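Asks: The structure's right below; bear with me while I get my questions together.
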Amino acid sequence: GKTHIASVVMLNYYLAFPDSKIYFLAPTRPLVNQQKNSLAGFYQYLNRDHIIELNGSLGSKVRVGHYSNKRIFFLTPQTLDNDL
């Protein structure tokens, strides 16, 4: 239930604020991936090019470029902290 509610909130925010950024944080990589996959039911309403899962397997220089080109980010707090 909580994940579905979060997905609905994200979808509404995404549609209502077209210039916004959405960060979905989960404590571990597997949970990040699981949460990203849980949003799949809403992909018909989203531009899939706006969605990305960021983690340490991408270099920090590569991740920096994604922050300006994407709108929905799935990542761990550690990845976000490292990039800030």
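Asks: State, to one decimal in nm, how far the label point of Lys2 lies from the label point of Asn82, with both points 7 Å from Cα in the Cβ direction.
Replies: Between Lys2 and Asn82, the label points sit 2.5 nm apart.
Asks: Using 0.36 nm times the number of residues separating Val62 and Arg48, minus their current alpha carbon distance, what extension gain do you get?
Replies: Full extension of this stretch gives 3.2 nm more.
Asks: At a 1.4 Å probe radius, carbon and sulfur cover how many percent of the accessible area of the chain?
Replies: Taking all protein chains in place, the chain shows 56 percent carbon and sulfur surface.
Asks: Would you mind checking the range 51-84 for residues with the amide N under 14 Å from a putative spin-label position 7 Å along Cα→C-beta of Leu15?
Replies: none
Asks: Mind listing P(r) for the chain? All alpha-carbon pairs, 5 Å bins, whole percents.
Replies: The percentages, shortest bin first, are 3, 14, 28, 26, 18, 9, 1, 0.
Asks: Further, regarding this structure: Counting only heavy atoms of the protein chains, get the accessible area per residue of the chain (1.4 Å probe) and round it to a whole Å² value.
Replies: 63
Asks: Measure nothing fancy, just the Cα-based angle from helix 29-38's long axis to the longest principal axis of the chain, in degrees from 0 to 90, nearest 10.
Replies: 30
Asks: Still on this structure, I have one more. Using the Cα gyration tensor of the range 1-47, with a ≥ b ≥ c the square roots of its eigenvalues, what is the shape: rounded (a/c below 1.5), prolate (a/b larger than b/c) or oblate (neither)?
Replies: Judged from the Cα gyration tensor, the range 1-47 comes out prolate (a/c at least 1.5, a/b above b/c).
Asks: Per-residue accessible area for Val62 at 1.4 Å probe radius, Å² rounded to 10?
Replies: Estimated to the nearest 10 Å², Val62 gives 80 Å².
The values are calculated or read from the model by the stated rules, or taken from the named source; none is laboratory data. Computed from a predicted structure; not experimentally measured. Ideal geometry is used to build each Cβ from the backbone, glycine not excepted, and the neighbour counts take in all protein chains shown. Heads up: the accessible areas ignore ligands, DNA and RNA and are worked out on the full protein's heavy atoms, side chains in. Shrake-Rupley method; radii C 1.70, N 1.55, O 1.52, S 1.80 Å.
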